[in-house]
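Input: a single structure, listed below in structure tokens.
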Ligand SMILES: [Zn+2]
């Protein structure tokens, strides 16, 4: 089941699995929201994930 996360910045992060969408979201946070690294957890990202 494909998953997606709508970031607060308007970017949509996609992945084929929970693992993939979380990994992609972590990479996006590191690149575009470095101030949030450490304050957004894996569980937060999973909670934001929706079925695509
Ligand atoms: Zn973002």
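Using label points projected 7 Å from each Cα along Cα→Cβ, tell me how many nm separate residue 14 and residue 50, to one decimal.
1.5 nm
Report P(r) for the stretch 3-51: all Cα-Cα distances, bin width 5 Å, range 0 to the bin holding the largest distance, values in whole percent.
Bin by bin from 0 Å, the calculated values are 5, 25, 38, 25, 7, 0.
Tell me the relative contact order for the stretch 6-52 as a rounded percent, counting alpha carbon contacts under 8 Å between residues six or more apart.
Dividing the mean separation by the residue count of the stretch 6-52 yields 34 percent.
Computed from the coordinates by the stated procedures, all read-outs in this text should not be read as laboratory data. Worth saying up front: this structure is predicted, and the values here are computed from it rather than measured. Quick reminder, even Gly has a Cβ in these numbers, built from the backbone with ideal geometry, and neighbours come from all protein chains shown.
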